[in-house]
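To keep things clear, I will list the structure first and then write my remarks on it.
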Amino acid sequence: QMNFTGDQVLRILAKDEEQLSLLRKLEGMKPQKVDFWRGPARPSLPVDMRVPFSELKNVKSYLESHGLDYSVMIKDIQVLLDEEREAMAKSRR
Amino acid sequence: LERSTSSFSYSSYHTLEEIYNWIDSFVTEHSDIVSKIQIGQSFENRSILVLKFSTGGSQRPAIWIDTGIHSREWITHATGIWIAKKIVTKYGKDPVLTNILNAMDIFMEIVTNPDGFAFTHSMNRLWRKNKSTRPGIFCIGVDLNRNWKTGFGGNGSNKNPCSETYHGPFPQSEPEVAAIVKFITAHGKIKALISIHSYSQMLMYPYGHTLEPVSNQRELYYLAREAVKALYEAHGVEYIYGSISTTLYVASGITVDWAYDNGIKYAFSFELRDTGRYGFLLPATQIVPTAQETWMAIRTIMEHTLKHPY
């Protein structure tokens, strides 16, 4: 199983198209910096992106340097995955 | 393994093997109204299975429902399973559903992307695409909701095989998409198509590949409004609705655009829960309420389809 320890999902509320295009730029960066869970669509809709732990510092400074407000929707993906797997095992038992 | 559906938990997530075993038990236990059709093989040669709900007749108009085309969207498979159970439970009791099934068939493909789904259990919970590979191409998988013919390769899809929205080498290149196209085209009387995704609480209709409205825009808009109202009344979850390109973003090569362009007027795409805390990792405790509200919306669309034959 891939391990997502430390990976976070950030929620960004882009104010305008310019901020949306800044987010879209992230998608093409190498190495892969983000995996969009809710892609950049329109200012009225939130953008959710999973950021690997190794890229967190870079991505957060990119967001802050461009004035993009964000919140941490999921603090550690692996914690939720472990809970999900435990719930499945419990149900099976 | 479960020996009957009675011990199957509809409020838990399940592996592909468990779901396929459930399908066999489900069909055996409800053989008077449900049968199983294999419409093809996935890239890794897994069976692609469709449940057919029918009370008889031949060549009846029908409704198509698919869940799980993006493998990490587990709430959609779980919702499909719950709705299948609901249909056999409520036929003969719910007059709306009974009228629908006395005149139409319902086809449900619960695991539309079996390879991707198996991979979310074995290696990568957050896998989205199928698992196809091509010689000389390093990255794996095509986005099965960018591989349909209408608008193929347009905006909102990606020609980069490493992208999560990679559209594939050519339209319907993926066996999982080709199987549905072949089945629906051969059937010829599918009157509504409902493709279920997660997450972000949206109910949308064509087009995705262009901002141009479809000719039935008004009817689909009002039907979507009715459906999300019925959904809201279940648990108070608010949905937004409209065409894909104006509600969400431009996306090309998607299921419902193909469906609409192939004569299926009532073509809808759902984005189910999460409301903003768990994303794709929606806790299993939310399976039943999500399924309950989704059923109310689907029931609304199916009833409208029955009452407005074309």
| request: Hey, can you tell me all the residues within the stretch B:10-50 that are surrounded by 15 or more Cβ atoms within 10 Å (Cβ to Cβ), within 18 Å of B:Ile75 (Cα to Cα) and either within 14 Å of chain A (Cβ to nearest Cβ) or not aliphatic (A, V, I, L, M) (or both)? | output: B:Tyr10, B:Ser11, B:Ser12, B:Tyr13, B:His14, B:Thr15, B:Leu16, B:Glu18, B:Ile19, B:Tyr20, B:Trp22
| In the set B:Thr185, B:Thr133, which member is of a type in the set (S, T, N, Q), at pLDDT 95 or above and in a loop (DSSP other than H, G, I, E, B)? | B:Thr133
| query | Only one residue in B:Asp261, B:Asp274, B:Asp257 is out of contact with any strand residue (DSSP E or B) (no Cβ under 6 Å at 6 or more places or on another chain), surrounded by 16 or more Cβ atoms within 10 Å (Cβ to Cβ) and modelled with pLDDT under 95. Which one? | reply | B:Asp274
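Here are B:Val256, B:Val237: which of them is touching a residue at least 40 places away in the same chain (Cβ under 8 Å), assigned to a helix (DSSP H, G or I) and closer than 17 Å to B:Met204 by Cβ?
B:Val256
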| field | Matching residues, the stretch A:56-88, being assigned to a helix (DSSP H, G or I) and either within 11 Å of chain B (Cβ to nearest Cβ) or under 19 Å from B:Trp127 (Cα atoms) (or both) | value | A:Ile77, A:Gln78, A:Val79, A:Leu80, A:Leu81, A:Asp82, A:Glu83, A:Glu84, A:Arg85, A:Glu86, A:Ala87, A:Met88
| message | Among the residues that make up the stretch B:213-222, is at least one of them β-branched (Val, Ile, Thr) and in a helix (DSSP H, G or I)? | response | no
| Considering A:Ser44, A:Ser21, which residue is modelled with pLDDT under 90, more than 14 Å from the chain's Cα centre (by Cα) and farther than 26 Å from B:Trp74 by Cβ? | A:Ser44
| said: So for the stretch B:287-310 (the condition being within 14 Å of chain A (Cβ to nearest Cβ), crowded, with 23+ Cβ neighbours inside 10 Å and under 27 Å from B:Arg60 (Cα atoms)), does at least one residue qualify? | reply: no
| Since B:Phe152 meets every condition but one in (1) touching a residue at least 40 places away in the same chain (Cβ under 8 Å); (2) more than 24 Å from B:Leu16 (Cβ to Cβ); (3) within 14 Å of another protein chain (Cβ to nearest Cβ), which condition does it not meet? | (3)
| query | Counting just the residues of the stretch B:3-44 that are acidic (Asp, Glu) and touching an Asp or Glu at 6+ places or on another chain (Cβ under 8 Å), which one comes out farthest from B:Ala103 (Cα to Cα)? | reply | B:Glu44
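Filter the stretch A:1-24 down to the residues that are touching a strand residue (DSSP E or B) at 6+ places or on another chain (Cβ under 7 Å) and part of a loop (DSSP other than H, G, I, E, B), then identify the one that is nearest to the other protein chains (Cβ to nearest Cβ).
So in the stretch A:1-24, the residues touching a strand residue (DSSP E or B) at 6+ places or on another chain (Cβ under 7 Å) come out as A:7-12, A:14, A:23.
Next cut, part of a loop (DSSP other than H, G, I, E, B) only: A:7, A:14.
Working: A:Asp7: 9, A:Ala14: 12 Å.
Once the filter is applied, the top-ranked residue is A:Asp7.
Which residues, taken from the stretch B:273-310, are basic (Lys, Arg) and either more than 15 Å from the chain's Cα centre (by Cα) or in a loop (DSSP other than H, G, I, E, B) (or both)?
B:Arg273, B:Arg277, B:Lys307, listed by residue number.
The values are calculated or read from the model by the stated rules, or taken from the named source; none is laboratory data. Remember, it's a predicted structure, so these values are computed and weren't measured experimentally. FYI the Cβ positions are ideal-geometry reconstructions off the backbone, even for glycines, and counts take in every protein chain you see.
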